[in-house]
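Worksheet for the structure shown next.
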Amino acid sequence: MSYELFVGDYSYSSWSLRGWLLFRRFGIEATIRHVDFMAQGVAEQMATHAPAKTVPTLIADGTVIWDSLAMAEELATRHPKAGIWPVDPALRAMARSLAAEMHSGFGALRSECPMNLRAAYSDFQPSAETIADIARIETIWTFALEKSGGPWLCNAYSAADAAFAPVAARIAGYGIKVSPLAQAYVDRHLADPAFRRWRAMGFAKGAELPWYARDYTQKPWPGPVPLPAQPVEGGTPENDSCPYSGDPVTHLMQIQGRTFGFCNAFCRDKTVADPEAWPAFMALLTP
């Protein structure tokens, strides 16, 4: 099977994150195509893949799928053993209900708190409409976690969790107060290696988009603190080939007084942003 997934800016495109997680979290390979939000409009960039006009868009063996929930269902049909939906019928029905409600609801939260994985705020005051959205989110999260036993909404990670990953990022980024159970679920997303890789790529690729910024006091990102690392121009790397591509190294980074090489700036910069998010690199650092 051949998959080509078009995604938007890693730091800001919440729907793209959902689509990307459906592949990375369930071990399905896809070629990733990046749609630049600073270039012409998304619809114009997707014009050759009609009728798609948004991201994410999936080209599956030539078939255009332009909706993230449709992607989840199609991938589940094509890869029934991947675990995209729970095997248990009751949990599967609950997961589909959760994902569908996320897909169609919570407009106040989504409008007032656009996803911005480059920033976190300390003095955001939600509107009454957003407070109502958060209350409903807490209700359904609590119901699902108590019914399934966790640690994810329907026990094992499913498409329902991919659907709510950007919601967790919003709650964390805007400092919205939730119950301890809901906060633990938010923290689980922030620590998830796939989520951390997506966020790290946002610092390595794509411009800072000012229309996503909000005029609140900023604070450190509430997720795991990355190991300190920085790009360097010179030095002798410990490795001859890039840990991701296997190609010869051309770009260098330094961490813990050691120098490592990568095949291009993107591979280096995504690693600098969060070294522990990348198992292939950590195998070099701590073999």
Förster-model FRET efficiency, 22 Å R0, Lys219 and Ala184, C-beta, rounded to 0.05: 0.65
Rounded Å value of the spacing that divides the Cα centres of segment 54-101 and segment 156-223: 22 Å
Karplus 3J(HN,Hα) series, Hz, for segment 62-74 with 6.51 cos²θ - 1.76 cosθ + 1.60 (x for Gly, Pro): x, 8, 8, 10, 10, 9, 5, 5, 5, 4, 4, 5, 5
In order through segment 191-200: 3J(HN,Hα) via Karplus (6.51 cos²θ - 1.76 cosθ + 1.60), integer Hz, x for Gly, Pro: 8, 4, x, 5, 4, 4, 5, 4, 5, 4
Amide H contacts of Val35 (H built 1.01 Å from N, under 5 Å, at least 5 apart or other chain): Val7, Gly8
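Report the calculated FRET efficiency for Glu208 and Val87 (r = Cβ-Cβ distance, R0 = 30 Å), to the nearest 0.05.
Working: r = 42 Å, r/R0 = 1.41.
Calculated transfer efficiency: 0.10.
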Most fluctuating residue given options Leu252, Leu153, Leu117, as computed from a GNM of the chain linking Cα atoms under 10 Å: Leu252
Cα-Cα P(r), segment 81-155, percent of pairs per 10 Å interval: 17, 40, 31, 12, 1
FRET efficiency estimate (nearest 0.05) - Cβ-Cβ, Val64 to Arg136, R0 41 angstrom: 0.80
For Ile255, distant residues with modelled amide H under 5 Å away: Phe260
Estimated vicinal HN-Hα couplings, Hz - segment 135-142 in sequence order (Karplus 6.51, -1.76, 1.60; Gly, Pro = x): 4, 5, 4, 4, 4, 6, 5, 4
Label-point separation in nm, Phe124 to Ser104, each point 7 Å along Cα→Cβ: 2.6 nm
Accessible area of the chain belonging to carbon and sulfur atoms, whole % at 1.4 Å probe: 53 percent
Radius 14 Å from Cβ of Gly62, net charge of other residues (Lys, Arg +1; Asp, Glu -1): -2
Kirkwood Rh and Cα Rg combined as Rg over Rh, evaluated for segment 175-262: 1.07
Under 13 Å, Cβ to Cβ, from Leu21 - net charge with Lys/Arg +1 and Asp/Glu -1: +4
Accessible area per residue in Å² at 1.4 Å probe, computed on the chain: 45 Å²
Potential extension, Asp36-Asp247 segment - 0.36 nm per residue separation minus Cα distance: 73.4 nm
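The values are calculated or read from the model by the stated rules, or taken from the named source; none is laboratory data. Here the structure is a predicted model, which is why all the values come from computation and not from measurement. Note: ideal-geometry Cβ built from the backbone for every residue, glycine included; neighbour counts use all protein chains shown. What goes into the accessible areas is simple: the full protein's heavy atoms, side chains included, and nothing from ligands, DNA or RNA. Shrake-Rupley method; radii C 1.70, N 1.55, O 1.52, S 1.80 Å.
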